[in-house]
1. Given Leu220, Leu162, which one is more than 29 Å from Val298 (Cα to Cα), modelled with pLDDT under 95 and not in a loop (DSSP other than H, G, I, E, B)?
2. Quick check on this structure: which one of Lys242, Lys225 is of a type in the set (D, E, K, R) and more than 19 Å from Ile153 (Cα to Cα)?
3. Can you tell me which residues in segment 51-82 are touching a strand residue (DSSP E or B) at 6+ places or on another chain (Cβ under 7 Å), over 13 Å from Ala6 (Cβ atoms) and open to solvent by less than 40 Å² (accessible area, probe 1.4 Å)?
4. Name the residues in segment 205-220 that are of a type outside the set (Ser, Thr, Tyr) and in contact (Cβ under 8 Å) with a residue 40 or more places away in the chain, would you?
5. I'd like the full set of residues that are in a loop (DSSP other than H, G, I, E, B) and open to solvent by less than 30 Å² (accessible area, probe 1.4 Å), limited to segment 6-26.
6. Using the structure shown, decide if Val87 is in contact with a helix residue (DSSP H, G or I) (Cβ under 9 Å, 6 or more places away or on another chain), farther than 16 Å from Lys26 by Cα and either modelled with pLDDT of 90 or more or not hydroxyl-bearing (Ser, Thr, Tyr) (or both).
7. In the set Ile35, Ile67, Ile29, which member is assigned to a helix (DSSP H, G or I) and more than 30 Å from Phe120 (Cβ to Cβ)?
8. Only one of (1) on the phi < 0 side of the Ramachandran plot; (2) open to solvent by less than 100 Å² (accessible area, probe 1.4 Å); (3) modelled with pLDDT under 70 fails for Leu283. Which number is that?
Amino acid sequence: MRIFIAFEGSFEPFDVSPDETVEAVKLMIKDYFHIPLSEDEQGRRYLELTYAGAALKDSWSLADVGISFCSTLKCFVKEEDKPTICVFNAVTQETMAIMEGISLLGTTLRLDVWDGWKEFLMGCLLGQKLQVQRYLSNEGPVLKYQKRVALYIAAFYGYIELTEWALKQGVRPHEAVGVHPYRAWCQEALHTDISKCPIHAAAEAGQLLILKAFVNCSVLCLDCKNAAGQTPLTIACKHKHKDCVLYLLSKMWSTVSFLKISVSMRIYIKIKQWVLRAQSHNLNKGQLCGARVLGAKVGAVVMVDGFTKPKMTSKSWQKATDKDSQGGTEGKLPPLREQTVSRKLAHPLAIAQQDTREDKFPPLADANTFSELQKRQQSQKKITATIRKKEKLIKNTYMPQVPLPPISRVGYSHPSFYYATPSAEFLFRSSFASFSEHSGRTPRENAIYCLAVAR
């Protein structure tokens with residue numbers, strides 16, 4: 001199959017196979033025209049084939065893209081500088097190239113996010129309100145910060161539903177996104193972009209509907225300034241968003257009418273800012289030295305690079321929550337003394353015997369003489385006699401209050417155990433006999449004793 005290649009004013013025929021790839025055709029052109037191609041640290045010089053106005057990829061076959069007999073392909077020599085540095089986004093799994101005039105190593109940086117934030121940020125980037133709500137944090141300060149982040153991203157991409165939800169949650173469009181609460185202690189080392197507000201993102205992206213929603217929420221958005229001192233109107237003019245500029249201009253030059261007076265929007269904004277500053281001053285009057293406390297508070301989590309374990313490794317929400325739950329369930333047993341006290345409170349009569357025996361009996365290793373053994377036996381007899389006196393006292397005390405049916409004198413046999421084997425029945429009766437023998441109480445007396453303890 002014969003095709004024609006147009007290259008730098010020349011028009012040359014080439015005989016190729018229909019199944020030939022674009023990469024193979026490029027090699028034929030390179031050898032025929034003796035084109036020097038290179039790829040080094042500075043950049044690369046390569047060929048590009050176009051057909052019907054579209055660039056062809058090297059892996060494509062000529063027949064697959066509709067190149068037939070006597071088709072004409074255009075060839076260009078292109079030069080591309082290598083990026084100074086590349087940034088890999090762990091959330092979107094994309095690599096962004098940064099082209100600058102400075103000489104760096106030309107490596108790739110990895111952009112990680114806070115552990116458990118991947119799903120939340122993906123929900124914000126896609127405008128999925130339900131996913132954003134599902135992966136919110138349980139910590140109060142972090143939750144407020146996530147809502148500000150969600151409103152900022154929604155304002156930039158123009159997600160109406162997510163914007164309405166964030167506004168209903170109390171997020172202010174003229175409030176700066178700020179920094180993660182774990183980093184609130186290092187105010188001096190923070191980037192200037194943390195002072196950007198959702199209204200600035202909407203003006204930068206030209207989201208007219210979002211701008212209208214923000215201005216309707218609070219007119220303070222009109223005079224909100226970023227770190228460079230730019231208002232939303234200035235930002236919209238810089239990015240040439242004509243509709244946004246016209247809307248913001250009409251709002252800035254409007255008037256606000258009251259019962260007996262009308263003021264311009266600029267004066268109304270100044271009055272509103274003054275009132276809010278006065279209110280905040282009254283709220284902070286009770287604080288120490290009458291000044292507002294900035295940064296982290298006592299008891300808050302603080303992340304220090306190089307000292308604490310990093311929490312910005314882009315772990316998924318499931319892995320982060322599993323790790324937190326495992327760390328949170330690690331508990332310590334209370335001291336032995338507390339356990340003993342709780343047992344005594346729960347069963348005072350049952351533990352009395354054990355406590356007296358533990359207090360009275362000497363250690364086994366110290367009983368080396370026959371006299372000591374005799375003393376131990378005598379003390380044991382005294383303890384046993386004391387316990388039996390207490391049991392009789394309890395039995396006499398609770399006997400009228402715990403009536404039991406009279407002992408039956410009728411001579412008839414009890415029904416057999418339907419679900420018990422003979423061996424089990426024998427063990428059951430023998431256990432009752434051994435219990436009566438060692439405790440010194442009949443089954444009826446033992447029932448009365450147990451009921452008295454239970455009451």
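1. The conditions single out Leu220.
2. Answer to the selection: Lys242.
3. Leu56, Ser61, Ile67
4. Ala205, Gln207, Leu209, Ile210, Ala213, Phe214, Cys217, Val219, Leu220, listed by residue number.
5. Once the filter is applied, which keeps residues that are in a loop (DSSP other than H, G, I, E, B) and open to solvent by less than 30 Å² (accessible area, probe 1.4 Å), segment 6-26 yields only Val16.
6. No, not satisfied.
7. Selected residue: Ile29, the only one of Ile35, Ile67, Ile29 that is assigned to a helix (DSSP H, G or I) and more than 30 Å from Phe120 (Cβ to Cβ).
8. Failing condition for Leu283: (2).
The values are calculated or read from the model by the stated rules, or taken from the named source; none is laboratory data. Keep in mind the model is a prediction, meaning the values are calculated, not measured. Glycine gets a Cβ as well: all are built from the backbone with ideal geometry, and neighbour counts include every protein chain shown. Ligands, DNA and RNA are excluded from the accessible area calculation, which covers all protein heavy atoms including side chains. Shrake-Rupley method; radii C 1.70, N 1.55, O 1.52, S 1.80 Å.
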